[in-house]
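Chemist: One structure is given below, represented as structure tokens, and several questions about it will come after.
The values are calculated or read from the model by the stated rules, or taken from the named source; none is laboratory data. Remember, it's a predicted structure, so these values are computed and weren't measured experimentally. Backbone-built Cβ (ideal geometry, glycine too); neighbour counts: all protein chains shown.
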Amino acid sequence: MVTPLLREIRPGAYDRLLAVVIDPMSYGRVYLLGDAAHIVPPMSAKGIHLALHDAEVLARAVIDHIHRDDSTLLGEYSAFRRQIARAELERQSSSRAAGKLFGELLAGIN
Ligand SMILES: Cc1cc2nc3c(=O)[nH]c(=O)nc-3n(C[C@H](O)[C@H](O)[C@H](O)COP(=O)(O)OP(=O)(O)OC[C@H]3O[C@@H](n4cnc5c(N)ncnc54)[C@H](O)[C@@H]3O)c2cc1C
């Protein structure tokens, strides 16, 4: 019901409101970062923040793996980052500021 309405009111708006957390975020030696791993609606302005933190966490994990022969952080990457991304989505759904922005977006004034 809401989806066709959104498309009609503002073409493309629905696609920009995706909320997705991929599970798992790694498979073998493939690790997902940024929007490939999680998409948070733009009202929280956290997409780049999450992406950069993914990169930092994964870089530290790779350094540990290569220089210390320690794969602990690599093994924990997916569960750890999934937990952070889900927490961000939950924070957004309970945030008054994000709710206000969401309303403005639907109304076409933001
Ligand atoms: C309307 C809107 C507003 C937003 N506002 C904010 C905000 O205020 N603050 C915030 O933090 N985040 C915001 N975001 C989210 C933020 O833009 C993303 O979370 C962030 O850009 C994700 O970074 P990324 O590197 O994972 O992906 P991207 O920035 O999408 O980078 C992926 C890159 O890969 C390239 N690419 C894709 N396919 C291929 C291919 N096959 N070969 C080579 N290159 C390829 C793309 O061209 C792109 O340059 C907003 C998003 C939207 C849609």
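Chemist: Which residue out of LEU89, LEU52 is in contact with a Pro (Cβ under 9 Å, 6 or more places away or on another chain) and at pLDDT 85 or above?
Modeler: Criteria check complete, one pass: LEU89.
Residues are listed down the side, and each one gets a yes or a no for (1) assigned to a helix (DSSP H, G or I); (2) surrounded by 15 or more Cβ atoms within 10 Å (Cβ to Cβ); (3) of a type in the set (D, E, K, R):
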{"site": "LEU18", "(1), (2), (3)": "no, no, no"}
{"site": "PRO24", "(1), (2), (3)": "no, no, no"}
{"site": "ILE48", "(1), (2), (3)": "yes, no, no"}
{"site": "HIS53", "(1), (2), (3)": "yes, yes, no"}
{"site": "GLU56", "(1), (2), (3)": "yes, no, yes"}
{"site": "ARG60", "(1), (2), (3)": "yes, no, yes"}
{"site": "ILE66", "(1), (2), (3)": "yes, no, no"}
{"site": "ASP70", "(1), (2), (3)": "no, no, yes"}
{"site": "LEU73", "(1), (2), (3)": "yes, yes, no"}
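Chemist: Taking SER93 as meeting all but one of (1) within 11 Å of the ligand (Cβ to nearest atom); (2) surrounded by 12 or more Cβ atoms within 10 Å (Cβ to Cβ), write down the number of the exception.
Modeler: For SER93, the exception is condition (1).
Chemist: Kindly indicate whether SER44 is small (Gly, Ala, Ser) and more than 14 Å from the ligand (Cβ to nearest atom). Explain how you work it out, then say what you get.
Modeler: Numbers: small (Gly, Ala, Ser): yes; more than 14 Å from the ligand (Cβ to nearest atom): no.
No, not satisfied.
Chemist: Now, a different point. So is ILE9 at pLDDT below 95 and within 12 Å of the ligand (Cβ to nearest atom) or not?
Modeler: no
Chemist: Can you pull out every residue in the range 65-110 that is within 20 Å of VAL20 (Cβ to Cβ), of a type in the set (A, V, I, L, M, F, W, C) and touching a Ser or Thr at 6+ places or on another chain (Cβ under 9 Å)?
Modeler: Selection gives LEU89, ALA98, LEU101.
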